[in-house]
Amino acid sequence: MKNPEYVKIKDKKYKINTDFRVAIRCENVATDSSISDTERTLAIIYLLFGDDGLSNPRDYNKLIELGLRYLKCGLEENNDLNEKPDMDLEQDIRLIEASFKSDYGITLGDEYMHWWDFYMYLNGLTDKCVLNRIRELRTYDTSQIKSIKEKNKIQKLKKRFALREKEIVMSDAQREARNKFCELAGIKEKE
């Protein structure tokens, strides 16, 4: 399957911002509990399709549907909601960069990479890369370890490499930009 660059709704084509960093930002928006569903939807449409997407409210439902399908790389998601995540694309970006470098010789840096290529590479990383070793550690069941010393060592490592709870802290400039976005989009602020 070819990496998509556009979505089409009726006769209108919308260019997708396909850089993997945009998809990571979309994931952050999607999991940000400090914003409403409407804000989340509009933010994802804006990130993926820019002003063109925001300027066509009649297409919002289809844009978000196609945008989410794009973000899932056209795959059916099989996520168990009770399963604790073992990775966060934003928090683990340095581990991802190191793993891409060690497994593929790819330096992410500021270079463009299509989201679908990034996702394919991410899922193809070896068990030896640092990211997958940390992911395995995060999910390691210490209940079967008999040695107290070994159990304590693993638990300390798990704590050290645990995913942090996301704390939403906005600067004055970010708050002002959010307020302007809400004003332009006709969104009422939460009390």
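Coordinate-derived values only; no laboratory data. All values derive from a computational prediction rather than experimental measurement. Neighbour counts run over all protein chains shown; Cβ positions are idealised from the backbone, glycine included.
The fewest-to-most ranking of 75, 63, 95 by surrounding Cβ atoms within 10 Å reads 75, 95, 63. Spin-label model, residue 30/residue 101: points 7 Å from Cα along the beta carbon direction are separated by 2.8 nm.
For residue 9, the residues whose modelled amide H falls within less than 5 Å of its own, excluding neighbours fewer than 5 places apart on the same chain, are 14.
When a/c reaches 1.5 or more, the comparison of a/b and b/c decides; with that in mind, is the range 14-91 rounded, prolate or oblate per its Cα gyration tensor? Note, shape of the range 14-91 comes out prolate. Checking the cross-link pairs 128/151; 12/101; 62/84 against a 32 Å limit on the alpha carbon distance flags 12/101 as lying beyond it. Pairs of Cα atoms nearer than 8 Å and 6+ residues apart set the relative contact order; for the range 93-160 it is 29 percent.
Net charge dipole, the range 93-160: roughly 820 debye, given to the nearest 20, about the Cα centre with Cβ charges of +1 for Lys and Arg and -1 for Asp and Glu. Overall, the range 6-78 carries a charge dipole of about 340 debye about its Cα centre when +1 sits on the Cβ of Lys and Arg and -1 on the Cβ of Asp and Glu, all other atoms neutral. Neighbour counts of C-beta atoms inside 10 Å place 48, 71 in the sequence 71, 48, starting with the fewest.
Amide H to amide H distances under 5 Å link residue 106 with 101, where only residues 5 or more positions off or on other chains count and H is placed in the peptide plane. Under the combined filter of DSSP loop state and at most 15 neighbouring Cβ atoms within 10 Å, the range 6-103 retains these trypsin sites (Lys or Arg not before Pro): 10, 72.
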